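Okay, so here's the structure we're looking at.
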Amino acid sequence: LAKTTQPISMDSYEGQEVNITCSHNNIATNDYITWYQQFPSQGPRFIIQGYKTKVTNEVASLFIPADRKSSTLSLPRVSLSDTAVYYCLVGDSYGAGSYQLTFGKGTKLSVIP
Amino acid sequence: EAQVTQNPRYLITVTGKKLTVTCSQNMNHEYMSWYRQDPGLGLRQIYYSMNVEVTDKGDVPEGYKVSRKEKRNFPLILESPSPNQTSLYFCASSPIAERSGIEQFFGPGTRLTVL
């Protein structure tokens with residue numbers, strides 16, 4: 001499973017757009033990029049997944065450049081309820097070696113009123 | 001409703017008293033996994049299972065056992081709990097499918113305290 005690097009923490013004011021970047025230099029051809037959100041004392045929750053270019057859903061957008069060595073999770077107009085830890089994972093559900101998962105410490109996003 | 005359930009949600013026990021935390025999923029997922037989460041250490045994988053009767057160690061398997069006799073259930077067993085196993089535990093499941101990322105569904109967590 002490709003290793004990922006993301007900032008430990010970020011602060012943002014309410015209403016701003018937040019971009020969290022994840023580096024994954026060793027991403028494999030079949031790997032997808034998946035982001036999770038975790039609130040205190042709750043299990044992580046899947047928010048978005050992508051392979052290349054841009055993916056958007058009702059919660060977030062995911063931007064993946066052509067070389068796929070990084071990805072950016074974009075949260076539009078954050079609110080206090082977006083305060084959480086965000087994890088980036090890279091892997092292939094079907095690929096050998098993808099089952100031993102390491103979530104890492106994620107990025108702690110604090111939204112300030 | 002598709003979900004992963006864990007029981008109990010909270011447990012206080014004493015050192016050496018065997019305990020089992022149950023995990024069940026109703027989504028027919030092949031893959032199931034256990035994690036522990038400790039302050040400052042993030043989520044660490046304990047054991048995982050790719051299917052019935054197939055289990056393997058994660059990053060921190062010492063002091064834990066698992067079994068996968070049925071596809072829906074994946075209990076976590078602490079034969080002789082110690083205080084350093086005080087933690088928040090999560091069970092998760094996911095399908096295994098080609099051309100797919102790792103979309104895991106997590107349970108609500110079990111907060112375990114070992115005195």
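The values are calculated or read from the model by the stated rules, or taken from the named source; none is laboratory data. Computed from a predicted structure; not experimentally measured. Ideal geometry is used to build each Cβ from the backbone, glycine not excepted, and the neighbour counts take in all protein chains shown. These accessible areas exclude ligands, DNA and RNA; they are computed on the full protein's heavy atoms, side chains included. Shrake-Rupley method; radii C 1.70, N 1.55, O 1.52, S 1.80 Å.
Observations on the model:
- For the residues of B:64-74, the average number of beta carbons from a partner chain within 10 Å of their own beta carbon is 0.
- With the largest listed first and rounded to whole Å, the semi-axes of the equivalent ellipsoid of the range B:49-115 from the Cα gyration tensor are 24, 14, 11.
- Each Cα pair of the protein assembly as shown feeds into the Kirkwood radius, which the Stokes-Einstein equation turns, at 4 °C and 1.567 mPa s, into a diffusion coefficient of 72 µm²/s.
- Dipole magnitude of chain A about its Cα centre (Cβ charges: Lys, Arg +1; Asp, Glu -1), debye to nearest 20: 220
- For the range B:12-61, the spread of Cα positions along each principal axis, largest first, Å: 34, 26, 19
- Surface calculation, 1.4 Å probe, protein heavy atoms: A:Asp11 sits at approximately 110 Å² accessible.
- Accessible area of B:Arg111 in the full protein assembly, 1.4 Å probe (Å², nearest 10): 100
- DSSP beta bridge pairing in the range B:19-115, given as percent antiparallel to the nearest 5: 100
- Cβ neighbours within 10 Å from other chains - mean over B:3-12: 0
- Listed residues B:Asn26, B:Ile96, B:Tyr10: farthest to the positive end of the dipole of chain B (Cβ charges): B:Tyr10
- Of the whole protein surface, A:Ser71 contributes about 0 Å² of accessible area at a 1.4 Å probe radius.
- Take every pair of alpha-carbon atoms less than 8 Å apart whose residues are at least six positions apart; their mean separation over the length of chain B yields a relative contact order of 35 percent.
- Cα gyration tensor of chain B - equivalent ellipsoid semi-axes, whole Å, descending: 23, 14, 13
- B versus A: buried accessible surface, summed, Å² (probe 1.4 Å, to nearest 100): 2200
- Relative to the compact-globule estimate of 2.2 N^0.38 Å, the Cα radius of gyration of chain A comes out at 1.02.
- Amide hydrogen neighbours beyond the local backbone of A:Arg45, cut-off 5 Å, H modeled: A:Gln37, A:Gln38
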